[in-house]
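These notes concern the structure reproduced below.
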Amino acid sequence: MTGTRCKCLVAAWLACLAAVPAAAADTGAETEQPALWELRAAVFSRFGPSYPGSDENQLNVVPVPLPIFRGRFLRLFEDNEKPLRGRLFARDTIRVELDLDLQFSSDSDEIDVRTGMPDLDLLLEVGPELQIELAPDALAGTWYATFGMRVVTSWDGLDPNYEGLTFSPELKYVSAVTPRDELKLRVTPKFATGDFMDYYYSVDPAFATVARPAFSADAGYLGTDITGNWSHDFSDRLSFFIGLRYSNYAGATNRDSPLHVDNNGYSIYGAVQYRFWESARRAPRKSAILD
């Protein structure tokens, strides 16, 4: 297995942590709260663009062991959208949390317009997110406005490199359709600094060709994602999750880059997970934690 393939497996392993569904919260007394710790086995898959604005897709299927922790101020790998949740501030309908996002690595030699260029490594985005509850109990769910800013680093093995900042305002709808089903809908425009745009869209003169002229990317608008997620608990141990995402890059700041070749991107991703162990100690009550 090549080093690039190993990096892709590591990237997929980490990305699956961001896409595994959370177990449905129990109701009732404090003693009936979910476990503080769980161990799960999961299989994650994703099919979608190799990078934003790419016209080529890649498939990743990876099994992963998943430790879950539900602390008072920190939660790990429980939520399908947020692998790490750290409460920084909470008051009534306003919360500030630590947020994390992951992007897959890609082998440039498997992407026609990037052939001969450096590979795209795993991207890790970490930063604060402000969440404002707009309308509880509206249309059988809750509406939120969120504003997230993240520091981005690329990872070639254990060697991180700074790749700029991203800013993502978002409108989100969450509905517990049934005790075992949860639906989430999100609209997320994304903006980024020049360093981040350079990573995807700049072409250094050393890698320029007749078909791929040199290009210097600018800071600005990246694109907008429209996402729908559905999670279902088949039992107390077995869960399923699927997500669909449409990405629109029309009007993007760097749409003239030779590496920006498609204004539309479609992704499907999902996971199946099985809980095989949980701690006897229960998680804090909902009124005392991040939710």
(request) Considering only residues that are among the acidic types (D, E) and more than 18 Å from D262 (Cα to Cα), look in the stretch 94-118 and name the one that is surrounded by the fewest Cβ atoms within 10 Å (Cβ to Cβ). (result) D109
(message) Suppose we filter the stretch 233-248 for residues that are in contact (Cβ under 8 Å) with a residue 60 or more places away in the chain and touching a Lys or Arg at 6+ places or on another chain (Cβ under 7 Å); how many remain?
(response) 1
(request) Name the one entry in S168, S154 that is assigned to a strand (DSSP E or B), surrounded by 15 or more Cβ atoms within 10 Å (Cβ to Cβ), of a type in the set (S, T, N, Q) and touching a helix residue (DSSP H, G or I) at 6+ places or on another chain (Cβ under 9 Å). (result) S154
(request) Out of D262, D198, D256, D225, report the one residue that is crowded, with 18+ Cβ neighbours inside 10 Å and outside any strand (DSSP E or B). (result) D198
(request) Give the residues of the stretch 228-253 that are more than 30 Å from R40 (Cβ to Cβ) and exposed (fewer than 14 other Cβ atoms within 10 Å of the Cβ), sorted by residue number. (result) A250, G251
(request) Count, please, the residues in the stretch 78-131 that happen to be of a type in the set (V, I, T) and in a helix (DSSP H, G or I). (result) 1
(request) Residues being in a loop (DSSP other than H, G, I, E, B) and of a type outside the set (G, A, S): count how many of those fall in the stretch 45-77. (result) 7
(request) Tell me which of these F241 doesn't satisfy, since it passes every other one: (1) within 30 Å of F77 (Cα to Cα); (2) in contact with a Gly (Cβ under 9 Å, 6 or more places away or on another chain); (3) modelled with pLDDT of 95 or more. (result) (3)
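The values are calculated or read from the model by the stated rules, or taken from the named source; none is laboratory data. Note that the structure is a prediction, hence the values are computed from the model and not measured. Positions of Cβ are generated from backbone atoms using ideal geometry, with glycine treated the same way; all protein chains shown enter the neighbour counts.
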